[in-house]
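> If you scroll down you'll find the structure; I have some questions about it.
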Amino acid sequence: MKKIFTILCAGMLAFSVSAQTQFGATAGLNMSNITGDGENIGMKMGMHVGVTASIPFSDAMSLKTGALYSIKGAADSEDGAELTMSLSYLEIPLNLSFAVSDQVSLMAGPYVGILMGAKMKMVFDGVTVLESTDTDGLATMDVGINVGAGFAVSDAISINAGYQMGLTGIGEDDSDTNNSNIHLGVTYSFGN
């Protein structure tokens with residue numbers, strides 16, 4: 001895991017020496033749940049915040065990457081019991097972006113998330129019966145696919161929306177339950 005993270009960071013650093021690389025900051029809302037085993041656990045609101053880099057290949061195509069702190073998870077309630085699970089990741093997306101006009105772009109690519117922390121809470125009839133921050137049994141990495149679109153409000157500000165589908169299980173021994181996330185955000189690009 002450390003080798004993959006080191007390789008990704010070295011690759012980002014190598015690309016960042018290019019004078020054409022544009023850096024920015026992004027923040028937004030995550031609407032995530034956990035899917036698999038024939039079940040779909042309820043949606044949980046979270047957030048993402050981080051730094052971005054856009055590396056142009058041509059006027060119409062670029063690589064969009066960065067480092068994001070992202071909170072995903074799920075929430076559900078049934079028969080007086082409420083369950084909330086929050087999973088915090090350091091995510092590195094590698095999206096290929098294609099500009100369909102001066103303002104609209106489409107993007108797709110993989111992402112790698114490194115588990116930074118977890119919190120699970122169960123409440124029954126208003127009484128907390130379980131609260132844990134234990135990450136034992138959880139997979140340390142989340143690998144998946146991003147698809148999305150961006151709209152440039154100005155040269156510096158863009159609005160982004162997309163969907164992430166986890167391809168690896170959230171449990172160490174469980175490949176049947178995956179993260180699923182709809183994200184909305186705003187990016188501010190520096191140097192414009």
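> Restricting to segment 114-141, give me the number of residues that are in a strand (DSSP E or B) and in contact (Cβ under 8 Å) with a residue 60 or more places away in the chain.
Of the residues in that region, 2 qualify.
> Looking at (1) at pLDDT 90 or above; (2) surrounded by fewer than 14 Cβ atoms within 10 Å (Cβ to Cβ), can you tell me which one ALA81 breaks?
Among (1) at pLDDT 90 or above; (2) surrounded by fewer than 14 Cβ atoms within 10 Å (Cβ to Cβ), the lone unmet condition for ALA81 is (1).
> Among residues belonging to segment 162-192 that are in contact with an Asp or Glu (Cβ under 8 Å, 6 or more places away or on another chain) and in a loop (DSSP other than H, G, I, E, B), point out the one that is surrounded by the most Cβ atoms within 10 Å (Cβ to Cβ).
Among them, the one singled out is ILE170.
> So which residues in segment 40-73 are under 14 Å from the mean Cα position of the chain (by Cα) and of a type in the set (Gly, Ala, Ser)?
If the condition is that a residue be under 14 Å from the mean Cα position of the chain (by Cα) and of a type in the set (Gly, Ala, Ser), then GLY46, GLY50, GLY66, ALA67, SER70, GLY73 are the ones that fit.
> Does ASN95 fit the bill of being touching a Lys or Arg at 6+ places or on another chain (Cβ under 6 Å), part of a strand (DSSP E or B) and either closer than 28 Å to PRO56 by Cα or touching a residue at least 40 places away in the same chain (Cβ under 8 Å) (or both)?
When the stated conditions are applied, ASN95 passes them.
> Here is a follow-up. Answer with yes or no whether GLY66 is among the small types (Gly, Ala, Ser), in contact (Cβ under 8 Å) with a residue 12 or more places away in the chain and under 30 Å from GLN20 (Cβ atoms).
Here the answer is yes, as GLY66 does meet what is asked.
> Report yes if GLY11 is crowded, with 18+ Cβ neighbours inside 10 Å and either at negative phi or at pLDDT below 95 (or both), otherwise no.
no
> Let me ask something additional. Name the residues in segment 102-132 that are closer than 21 Å to THR52 by Cα, out of contact with any Asp or Glu (no Cβ under 6 Å at 6 or more places or on another chain) and of a type outside the set (D, E, K, R), would you?
Matches in segment 102-132: GLN103, VAL104, SER105, LEU106, MET107, ALA108, GLY109, PRO110, VAL112, ILE114, LEU115, MET116.
> I've got another one for you. Tell me whether segment 18-38 contains one or more residues that are more than 16 Å from the chain's Cα centre (by Cα) and at pLDDT 95 or above.
yes
> Out of THR52, THR65, which single residue is touching a Ser or Thr at 6+ places or on another chain (Cβ under 6 Å), of a type in the set (Val, Ile, Thr) and modelled with pLDDT of 95 or more?
THR52
> Kindly list the number of the only condition in (1) surrounded by 15 or more Cβ atoms within 10 Å (Cβ to Cβ); (2) modelled with pLDDT under 90; (3) not acidic (Asp, Glu) that fails for PHE124.
(1)
> Hey, another quick one. Does any residue of segment 106-124 turn out to be β-branched (Val, Ile, Thr) and more than 30 Å from GLU82 (Cβ to Cβ)?
Among the residues of segment 106-124, at least one is β-branched (Val, Ile, Thr) and more than 30 Å from GLU82 (Cβ to Cβ), which makes the answer yes.
The values are calculated or read from the model by the stated rules, or taken from the named source; none is laboratory data. In this text the structure is predicted, and so the values were computed from the model without any measurement. Quick reminder, even Gly has a Cβ in these numbers, built from the backbone with ideal geometry, and neighbours come from all protein chains shown.
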